[in-house]
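Asks: Below are the structure tokens for one structure; questions will follow.
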There are 2 protein chains.
Amino acid sequence: MSQPPPPGDRPLFDAMTEWLRAEGDCADVVMSSRVRLARNLAGHPFCTRSARRDRLLTLEACRDCVLRAGLADRFVWCDVHDASPLERMMLVERHLISKQLSKGRTLIHGGGEDPRGVAIALPDERLSIMVNEEDHLRIQVIRSGLALGAAWRQIDEVDDRIEAGVDYAFSPRFGYLTACPTNVGTGLRMSVMLHLPGLRLMRELEKVKRAAADMGLAVRGFYGEGSDAVGDFFQLSNQTTLGRSEAQILADMEQKVVPPIVEYERRSRRDLLQSRRVGLEDQIMRAWGMLCNARLLATEEAMQALSLVRLGVLLSIIQDRTGRALDVRLVNQLTLLVQSAHLQRAVGRELDQEQRKVARATFIRTRLAAIAGA
Amino acid sequence: MSQPPPPGDRPLFDAMTEWLRAEGDCADVVMSSRVRLARNLAGHPFCTRSARRDRLLTLEACRDCVLRAGLADRFVWCDVHDASPLERMMLVERHLISKQLSKGRTLIHGGGEDPRGVAIALPDERLSIMVNEEDHLRIQVIRSGLALGAAWRQIDEVDDRIEAGVDYAFSPRFGYLTACPTNVGTGLRMSVMLHLPGLRLMRELEKVKRAAADMGLAVRGFYGEGSDAVGDFFQLSNQTTLGRSEAQILADMEQKVVPPIVEYERRSRRDLLQSRRVGLEDQIMRAWGMLCNARLLATEEAMQALSLVRLGVLLSIIQDRTGRALDVRLVNQLTLLVQSAHLQRAVGRELDQEQRKVARATFIRTRLAAIAGA
């Protein structure tokens, strides 16, 4: 395999990432489905307990086996410890690495930046593999819409191919061993990114969140663990990895958990259209008007308005000047492109917070004018 | 003189009223100048103490002398007690009658609606004369911009002409006698309607209001006594009518009081442009975006946004699609046309509060689209 291109390379950051495609089942409510596996190499100490030298060896072993496993036609490898702050932030914004991997951790032994990296499959970024995060390997597959089954089949195959080249840390009694006991067993987490503006507007969101918690699910924000819910986007994920098979987890999520929430959100949207149509149109069109006119926009405000605009496009409340439906993918894309690092890359230079607000407003205004005028 | 047309007649309510013309000195800050005289007929009891029969006689006497005085080429007479609720509200919104005259007062003797009326000079509505409000005659002249001197000269002439046909209640010691002692003497009140968005945005408004109060001036809202300040519009008026000549009151208002406030507001606008330009543009364009997109608009919200849009037009921050300046008169006009009665007349039927919000949003959106697309 030839030398992979660096991460600042256009093919990576200009790609329409898989989770913005608005394709697949239930794409009106389910932005994306994500499956990840936590794996560790046998004979290598866990990242949480290893010295720098150990981690370097682990990094090399993982990188080699990942890049040699023939997982994708084009694979980008990024040494996160060598990446610029902007590149790290972009990888986080694209959901390709965790905040934790972007920051690194304090080394117990040895100095310097914690050696770690990520492999990303192009052109769609469906598959990515973090190395030396909490576990040696964190394999992730993201698919647009509700597609946990397809994601699971892909990740299962990826897992097999990697395992063909290395020994995983595995216990016949506990299953796959992981740095944190909450991942022991399958090492599997399945999650969906939901867009639930209807439930928020109908004030039913808390009820759904409580019901999800009662089913042992975690509800998180747009950027996962520890992030706030912005713009009515919520990540819902299973918590249990021990004592239940992958098939059981998949069946639960894809058949029992997600469809009722999707139906509930759709019903909220229908109710809003039927019983509060003018109020709904008012909120959606004000959000559109703000995005098309503001000269200063903070991320959260932009995301909240984009959420309403997304709803407005899906419900045909927002149309272009000729009365045609807008492409919801363009709105999805904006939810990524307005994030700070992507914004700075679009502008071509580093910006302070105030400058970002100006640039964000300009960027959105220009894009929406182009979309609406089409 | 031929029978005057009824007040629902198009020439009256479709006129571009004088106070919206945006002409004259300081029209960027001073919307309009208003002078009014309180007068009573000798030998007729004050309205506050009269029976219905007395008031009918007073009404007839006043009406006759007003309509015969040759005050204008075209004069509309309206019996307010016979007018519909919508017409009364429209007269209030046009600043042609007071809320008090629109409502009438409880009669001490006799039943039925309190007999009262108003004479309005067309086509510009500069001159209007209320009959049987607190005083028998309340003569008002309104001029666009800072034009208290011109207004004063006009009202002085009107006063003379009316006096040629009737005996005013006058005391050599106190001057003109009025129903309320605060008006005794000259019976004169001078006021200006100011638009002070710059001072509000620079948080200097309270200072100016305190200074005005210290000079013995009253600061009121868009609809005078007891009304709230909406959309940064403030009515500033002299309080003293006794012991000072008309010339002194005029000189004070037009030379000492108003010009410094105008200068202060202009400086605030310059400061905003220089030191907070982006923030200012942001607020103005958001207001514009809201007005162009909202589907529900309450009066106050609309007025507040129109105030910012007016500022934006004056500062050339808002332009039409071809980059040309907008006509500030069209914005001035909207501040009148979005009021409830005018709105209902435009729609052609009575509306409840929720329907008015919808109609207001539709009306403004359509107008602004026409203005911006011009």
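Values quoted throughout were computed directly from the atomic coordinates according to the rules given, and no laboratory measurement underlies them. Worth saying up front: this structure is predicted, and the values here are computed from it rather than measured. Every residue, glycine as well, gets a Cβ built from its backbone with ideal geometry; the counts of neighbours run over all protein chains shown.
Asks: What value does the range A:277-372 have for Rg/Rh, both radii from Cα atoms and Rh as Kirkwood defines it?
Replies: 0.98
Asks: Can you work out D for the range B:101-258 in µm² s⁻¹ from Stokes-Einstein, where Rh is the Kirkwood radius over C-alpha pairs, the temperature is 37 °C and the viscosity is 0.692 mPa s?
Replies: 189
Asks: Just tell me how shielded A:291-302 is by partners: mean number of partner chain Cβ atoms within 10 Å of each residue's Cβ, no decimals.
Replies: 4
Asks: Say a label goes 7 Å from Cα toward Cβ at B:GLU60 in every copy; what distances in nm does this one have to the rest, shortest first?
Replies: In ascending order, 11.6 nm.
Asks: While we're on this one: How large is the helix-only mean residue ellipticity at 222 nm for chain B, computed as the sum of -39500 (n - 2.57) over DSSP H runs with n ≥ 4, divided by its residue count, in deg cm²/dmol to the nearest 500?
Replies: Taking each H run of at least 4 residues, the total per residue is -13500 deg cm²/dmol.
Asks: Which residue is it, in chain B, whose C-beta lies closest to the B-to-A rotation axis, and what is that distance in whole Å?
Replies: Nearest residue, distance rounded to whole Å: B:GLY289, 2.
Asks: If you keep only loop residues by DSSP, which trypsin sites (Lys or Arg not before Pro) in the range A:281-367 have at most 10 other Cβ atoms within 10 Å of their Cβ?
Replies: Answer in residue order: A:ARG321, A:ARG324, A:ARG349.
Asks: Follow-up question, since we're still on this one. Which loop-located GluC sites (Glu not before Pro) does the range B:185-265 contain, where loop means any DSSP state but H, G, I, E or B and the Cβ has at most 16 other Cβ atoms within 10 Å?
Replies: B:GLU225
Asks: Then there is this: Over the whole of B:272-281, what's the average partner chain Cβ count within 10 Å per residue? Rounded to a whole number, please.
Replies: Shielding by partners across B:272-281 averages 2.
Asks: Moving to a separate point now. Relative to the first principal axis of the alpha-carbon coordinates of chain B, what is the inclination of helix B:277-293, with its axis defined by its Cα atoms, in degrees from 0 to 90 and to the nearest 10?
Replies: Helix B:277-293 and the main axis of chain B meet at about 70 degrees.
Asks: Once you average over the residues of A:303-313, how many Cβ atoms of partner chains fall within 10 Å of each Cβ?
Replies: That works out to 0 on average.
Asks: Oh, and also: Lys and Arg at +1, Asp and Glu at -1: add these up for the other residues within a Cβ distance under 12 Å of B:GLU354 and post the number.
Replies: Net charge in that neighbourhood comes out at +3.
Asks: Additional query: Using a label point 7 angstrom from Cα along Cα-to-C-beta, what distances in nm, from shortest up, separate A:PRO181 from the other copies?
Replies: 8.8
Asks: Expressed as a rounded percentage, what relative contact order does chain A have, with Cα pairs under 8 Å and six or more residues apart?
Replies: Result for chain A is 18 percent.
Asks: Hey, for A:ASP271 with labels 7 Å out along Cα-Cβ, what do the inter-copy distances come to in nm, ordered shortest first?
Replies: List, nearest first: 5.0 nm.
Asks: Taking the Cα atoms of chain B, report the difference between the largest and smallest coordinate on each principal axis, in whole Å and largest first.
Replies: 64, 46, 35
Asks: Now for a separate question. Convert 4 °C to kelvin, take the viscosity as 1.567 mPa s, use the Kirkwood radius over C-alpha pairs of the protein assembly as shown as Rh, and evaluate the Stokes-Einstein diffusion coefficient in µm²/s, rounded to a whole number.
Replies: The Stokes-Einstein estimate is 42 µm²/s.
Asks: Using a Cα-Cα cut-off of under 29 Å, which lysines could be cross-linked to A:LYS103, ignoring same-chain neighbours fewer than 8 residues away?
Replies: In chain and number order, the partners are A:LYS357.
Asks: Using alpha carbon centroids, what distance separates the range B:304-374 and the range A:153-203, in Å?
Replies: Taking the Cα centre of each part, the range B:304-374 and the range A:153-203 sit 56 Å apart.
Asks: Residue by residue through the range B:354-361, which ³J(HN,Hα) values in whole Hz follow from phi under the Karplus form 6.51 cos²θ - 1.76 cosθ + 1.60 (θ = phi - 60°), with glycine and proline marked x?
Replies: Each residue of the range B:354-361 in turn: 5, 5, 5, 4, 5, 5, 5, 4 Hz.
Asks: Sticking with this one: Please give every one of the lysines within straight-line cross-link reach of B:LYS256, meaning a C-alpha to C-alpha distance under 23 Å, and leave out same-chain neighbours fewer than 8 residues apart.
Replies: Candidates past the 8-residue exclusion: B:LYS207, B:LYS209.
Asks: Quick one: angle between helix B:299-314 and the longest Cα principal axis of chain B, in degrees between 0 and 90, rounded to 10, please.
Replies: 70
Asks: Next up: Pairing the Cα long axis of helix B:148-163 with the longest principal axis of chain B, what angle in degrees results, from 0 to 90 and rounded to the nearest 10?
Replies: Once rounded, the angle reads 20 degrees.
Asks: Can you check what the net charge comes to around A:GLU60, using other residues whose Cβ is under 14 Å from the Cβ of A:GLU60 (Lys, Arg +1; Asp, Glu -1)?
Replies: Once positives and negatives cancel, what remains is +3.
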